[in-house]
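What follows is a set of notes on a single structure, which appears directly below.
Nothing in this text is a laboratory measurement; each read-out follows from the coordinates by a stated rule. Note that the coordinates shown come from a computational prediction; the quantities given were computed from them, not determined experimentally. Cβ placement follows ideal geometry from the backbone for every residue including glycine, while neighbour counts extend to all protein chains displayed.
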Amino acid sequence: MKIPLVNTASELFIPVRLNYTIANPKRFTKIINRLGCVDILSSTSSYSAVVLANWLYSDEMLKSNYKGTQPPEKKTGAATIIGKIEFSVDFCTIIVNSVERAIAALDFFDNSCGKAILRFGSLDIYNKLNENDEELQEFYYPIERFFDNRVIKRHISAEEQQQLESLLEQRASMEMIHLCEKFDSRQLNEFENMTSLVYENGFDQLRFKLRMRMGLLNERLQSDSEISMYEFQKKLIQNQ
């Protein structure tokens with residue numbers, strides 16, 4: 001069995017970038033400045049500047065459902081950095097190094113800010129899980145710049161996304177299943193952009209997709225293959 005690369009919380013090391021639009025910059029900045037688990041690294045006095053911040057496992061995050069890492073050290077008060085935040089007047093990105101932290105970010109910042117202030121748009125994911133190797137440090141870090149200058153492709157086109165949304169509105173479940181099977185049979189792009197169909201009703205679909213993607217990437221590593229999501233799902237069903 002191959003030993004996968006993991007983060008400090010022993011979570012599979014899979015970089016994910018969450019992409020948001022900011023509907024109300026002043027209220028968003030006020031909320032971010034108030035959060036104890038967000039450490040602002042640059043000034044928020046100018047709405048035109050890009051602001052950088054660390055997302056910490058401290059304060060409000062200690063009360064969240066995410067329990068993947070240790071709380072701050074009692075002696076030093078040092079907290080684990082679980083994500084990198086970058087925002088300006090109309091956009092915000094949050095970069096993490098695991099699927100678990102991506103799901104935690106989706107829930108935490110939606111609950112903290114609300115959809116009227118911060119609206120999730122899509123996420124970018126690196127579709128490869130590597131073996132544990134210290135020499136990969138330079139490839140992944142700094143993590144906040146990992147997705148810069150990458151060719152990020154959509155797994156499904158904008159037209160196909162609209163087709164899915166139309167089928168969802170029509171409650172055409174069988175047609176949706178057949179269409180999703182078609183998409184899942186495709187090979188993955190190394191860097192991929194993913195969207196969510198049912199954001200208005202929460203992140204259930206996106207959580208499921210992320211967890212399945214994590215399982216698929218681990219299966220591809222262990223089997224040294226390029227198995228598709230459709231093949232992976234069939235394998236899971238057969239092994240039940």
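Listing for the model above:
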item	result
Charge context of Ser112, other residues only, Cβ under 13 angstrom, K/R +1, D/E -1	+1
In region 96-131, the trypsin sites (Lys or Arg not before Pro) that fall in loop regions by DSSP, at most 16 other Cβ within 10 Å	Lys115, Lys128
Footprinting exposure proxy for Glu144, Glu165 (fewest neighbouring C-beta atoms within 10 Å first)	Glu165, Glu144
Size-normalised alpha-carbon gyration radius of region 89-137, reference 2.2 N^0.38 Å	1.45
Choice from Gln187, Gln161, Gln137 with maximal GNM fluctuation in the chain (Cα, 10 Å cutoff)	Gln137
Within the chain, helix-based [θ] at 222 nm, where runs of 4 or more DSSP H residues each add -39,500 (n - 2.57), nearest 500	-10500 deg cm²/dmol
Listed peptides 87-100, 55-68 by packing density, highest first (mean Cβ within 10 Å)	87-100, 55-68
Proxy reagent accessibility, fewest Cβ within 10 Å first, across Lys234, Lys209	Lys234, Lys209
Ratio of Rg to Rh over region 16-238 (Cα coordinates, Kirkwood Rh, two decimals)	0.98
